[in-house]
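Only the coordinates and a few stated rules stand behind these numbers; no lab work does. The shown structure was predicted, so the numbers you read here are calculated from the model rather than taken from an experiment. Methodologically, a virtual Cβ is constructed for each residue, glycine included, from the backbone with ideal geometry; neighbour enumeration extends over all protein chains shown.
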Amino acid sequence: MYRYDEFDARLVRERVAQFRDQVARRLDGSLSEDEFKPLRLKNGVYLQLHAYMLRIAVPYGTLSSRQLRQLALIGEKYDRGYGHFTTRTNMQFNWPRLRDVPEILDLLADVEMHCIQTSGNCIRNVTADHFAGIAADEIEDPRPTAELIRQWSSLHPEFDYLPRKFKIAVTGAEHDRAVVRAHDIGLRILRNAKGEIGYEVMVGGGLGRTPMIAKTIRSFLPKADLLAYLEAVLRVYNLEGRRDNKYKARVKIMVHEIGAEEFARRVEAEFARLDGPAIAADPEEVARIAAYFASPAYETLPARASGFEAAKAENRAFATWASVNLFTHKVPGYAAAVISLKGIGDAPGDITSAQMRVVADLAETYSLDELRITHAQNIVLPYVKKDDLFVVSQTLVEVGLATANAGLITDIIACPGLDYCSLATARSIPIAQALAHRFADEKRQLEIGELNIKISGCINACGHHHVGHIGILGLEKSGQESYQITLGGDATETAAIGEILGPGVPADDVPDAIERIVSVYLAQRTSGETFIEAVRRLGLAPFKAAFLEKTHAPA
Amino acid sequence: MPLLDRNGSKLDDWTISEDGTADAPRILVAFEHLKDALAGNGRGRRIGVAIANTVKADALAPFLNDIDLVSIAFPAYGDGRGFSIAKQLRHAGFKGTLRAAGPLIADQFAYALACGFDEIDLPQAQAARQPVEQWVHAAASISNTYQRGFGAENILDARHAARLARK
Amino acid sequence: MSTAKRPPLPVILLANDLLDGEVVFWTGTHWSPEPKDARIAHDDASATALEGAAAKALSANVVVDAYLVDITTDANGHGVPNHYREKIKTEGPSVRRDLGKQAGLYNIVRSGT
Ligand code: SF4
């Protein structure tokens, strides 16, 4: 993974000193709260319901063992012994004090981490496929591109006061695991007819109040033109994006209002004026970054790992975990293991400091010292030898992290909702917990198969509910929490926004409502058909009918 | 209003004259009177123009050789359009003075300079809360950044130079 | 604050401590992290006094996000927020009863003045 050189290190240290100074100027009144707020947000500090919250960048979801241990320490020393992984693969602490944040930032800088631009109206933490470098369907590893963009977008003099936040995601594979079409800019690495590698550039995706799927504005952008092209897109947006209404300020609205073709025309006109080579990183710099992501030294192993097969035959729980939580590695004899942060009854994405240390140790011993955070709020050990999987899973069992549900109905994405978030209109975590309990039975989960439930506690959609196969949005209806349910969303390369099934239901009715929807699928599916495939084939109608039919539970 | 540049406070020797009729050596005119002011400029006055951040850089292009200052309004510190306009004007070859006028905050000073601004024209209240020392300090708080084309130095070129030196 | 519509009476004044973030309540003389210490305004004049206290504390950079919350008094005469959001804000996360005020855990170093 990428390591800081002296320049990266100095910039992050200077940023810490700058924030310390900003806090001091806030306290002495030089900065008003209105002026300080965007400055603290650009450094990841929110004021939430009960306390400040600190959001730490985990660039494209990659962490080393040392970094995770440092997060564990911060959680213990400055927080309440746990942290929360978000759908943007960042880590959030829920209880830091503003006075302690500069010290926390120093601790982060010690392990080459920071909170730069994890919030605010600027370019946010870049995300990428969490199986980068290990997926068999990859054209090129997206992480060097993501790292180049991370650097280019950090403290960008021109683009730090945009109309609204701006999110970029990169995928290098055919199968999109980075939800790129739900981003302000989505980049897909591809190969053209001549065999050259470049990017498909998609603009104007985003969830929130007005969910939109990004549109392609350039079907092939040569790699060397990336930074100049991004500069052109951001300049057009910075100058012409709407600033009159916060809810219309994302680039998706501009793209929608003037049309993708006109937007592309303006970008191309700006791009044509720019001196591309004067903006681009030179090839040696690109190569320097890419070298950090070179394939590790894999051992030559047989595809069939005998120890692994024997353990599966002997231990049913392990066999189930292995069948659900492993991702096929491009190298024979290896696997990527998903550590579910969705234990039945847990808050999705939460992890204690003690668990962080165990996971860090596992990564160090069994996964080349590296781990990945996924947008589904889970952790991946990317390079585990199959014969080591049993030991790994047994350690995970001991700390309650061996839930076999990756991709299944209880692998629920949920934002913090009203239990923590000051913008929330309703709670999300209790809904996730109730659903997990309802569908806890392992056999039943396997029978239902792949099904993504995603929950947001307000229209901002941090829980990505629009692209959940089943989406749940918490709202307020006449002073009560009410949950709106959508169906048919899709977060992959066939991205789609879910449709609303009917009026909102109270929290207590959510599990029954989901149960009725799932029953339609189980009754009507053809052999091998997944939930989302069935929804596409059957259409909304049968599900809607089942959703609307009230449960007549005996009083 | 108080004026400052990278060295600290500065005397404002420009006279605001929206319609361009004032008899002064340096007059700052409104964009809609720029053409007339330039046309009637037989007296060797220096002309500057004050623009809203909705004026396109292209609209100023025909005049860039004839004006000495462009003052770009920042209606609020959170409205970053001025940064892009400054960048475009510099890219179009404007060599005169670029002024950012409005309630910016000290923490934006380095960005403004990097985008091509020379000076900041602050409202009185802002300047009173954020003394000039804070601005000079803030401008120097980050010694180098990643972007090429924003200011004299950048990390990418410094890495390049280090690579050459090693060869 | 002054532009926000005043909620129905009775009301209390709450805010977050600027340095520590803790939710604090105006007692009439100072800010306390204890919800039961909150001064309850039953009439317009007392509510106006709360608004005055809020404005003063905001401009003195002691607290942030100060606003009035409508409450119902419980058997002990303490104010309990009517809205579920403010109730959670006053107690702590409903999914972690071991954290926040409900568990006697405060995040505050000094109590504001
Ligand atoms: S979706 Fe709403 S409630 Fe959930 S984290 Fe985002 S802003 Fe908060």
**In range of the label at B:ALA125: residues from segment A:10-50 whose backbone nitrogen is under 14 Å from the point 7 Å along Cα→Cβ** = A:31-35
**Fill in**
For chain A, any Cys whose C-beta has no other cysteine C-beta under 4.7 angstrom counts as unpaired, and these are A:CYS115, A:CYS122, A:CYS421, A:CYS458
**Item:** segment A:43-59 - phi-based ³J(HN,Hα) in whole Hz, Karplus 6.51/-1.76/1.60, Gly and Pro as x
**Value:** 10, x, 9, 9, 9, 9, 5, 9, 6, 6, 10, 10, 9, 9, 6, 10, x
**Message:** Cut-off under 18 Å on the C-alpha distance; same-chain residues fewer than 8 positions from A:LYS37 excluded. Which lysines are left, in chain and number order?
**Reply:** A:LYS165, A:LYS246
**Prompt:** Using a basic spin-label model with each label point 7 Å from the Cα along Cα→Cβ, how many nm lie between A:TYR298 and B:LEU164?
**Reply:** 4.0 nm
**Request:** Pull up the DSSP beta bridges for segment A:413-548 and report the antiparallel fraction as a percent, rounded to 5.
**Result:** 65 percent
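Stick to the Cα atoms of the protein assembly as shown, pair each with every other, and give me the Kirkwood hydrodynamic radius in Å at one decimal.
That comes to 28.7 Å for the protein assembly as shown.
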**Item:** Distance in nm between pseudo-label sites at A:LEU107 and B:LEU64 (7 Å out along the Cβ direction from Cα)
**Value:** 5.0 nm
**Asked** What base-10 log of the normalised intensity I(q)/I(0) is obtained for segment A:413-548 from the Debye formula, alpha carbons as equal point scatterers, at q = 0.10, 0.15, 0.17, 0.19 Å⁻¹?
**Response** -0.29, -0.67, -0.86, -1.07
**Prompt:** Can you put A:MET1, A:MET113, B:MET1 in order, fewest other beta carbons within 10 Å first?
**Reply:** B:MET1, A:MET1, A:MET113
**Prompt:** Mean projection of the alpha-carbon convex hull of segment A:15-76 over all orientations, in nm²?
**Reply:** 5.5 nm²
**Surface/4 estimate of mean projected area, convex hull on alpha-carbon atoms of chain B, nm²** = 10.9 nm²
**Asked** Where in segment A:336-353 does the label zone of A:GLU398 land, with the point 7 angstrom along Cα→C-beta and an amide N cut-off under 16 Å?
**Response** none
**Asked** Under a 5 Å amide H to amide H cut-off, with H placed in plane at 1.01 Å, what residues pair with A:LEU190 once short-range neighbours are removed?
**Response** A:GLY198, A:TYR199, A:GLU200
**Request:** Can you put A:ILE74, A:ILE279 in order of Cβ neighbours within 10 angstrom, beginning with the fewest?
**Result:** A:ILE279, A:ILE74
**Prompt:** When A:ARG191, A:ARG235, A:ARG66 are ordered from fewest to most other Cβ atoms inside 10 Å of their Cβ, what list results?
**Reply:** A:ARG191, A:ARG66, A:ARG235
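About its Cα centre, how strong a charge dipole does chain A have in debye, to the nearest 20, once Lys and Arg get +1 and Asp and Glu get -1 at the Cβ? Spell out each step's value before the answer.
Details: 65 positive and 72 negative charges, 214 e Å.
Charge dipole of chain A: 1020 debye, to the nearest 20.
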**Complete:** Residue-normalised 222 nm signal for the protein assembly as shown, counting each DSSP H run of n ≥ 4 as -39,500 (n - 2.57), nearest 500 deg cm²/dmol, is -10000 deg cm²/dmol
**Message:** Test of the criteria: in segment C:42-112, which trypsin sites (Lys or Arg not before Pro) are in a DSSP loop and have at most 13 other Cβ atoms within 10 angstrom of their Cβ?
**Reply:** C:ARG97, C:ARG110
**Angle between chain B longest axis and helix B:155-166 axis [Cα atoms, degrees, rounded to 10]** = 40 degrees
**Vicinal HN-Hα couplings computed from phi for segment A:410-419 (Karplus, 6.51 cos²θ - 1.76 cosθ + 1.60; Hz; Gly/Pro x)** = 8, 7, 8, 8, 9, 6, x, x, 5, 5
**Request:** With both partners inside chain A, how many of the DSSP beta bridges are antiparallel, as a percent to the nearest 5?
**Result:** 80 percent
**Request:** Could you tell me the distance between the Cα centroids of segment B:77-96 and segment A:189-204, to the nearest Å?
**Result:** 31 Å
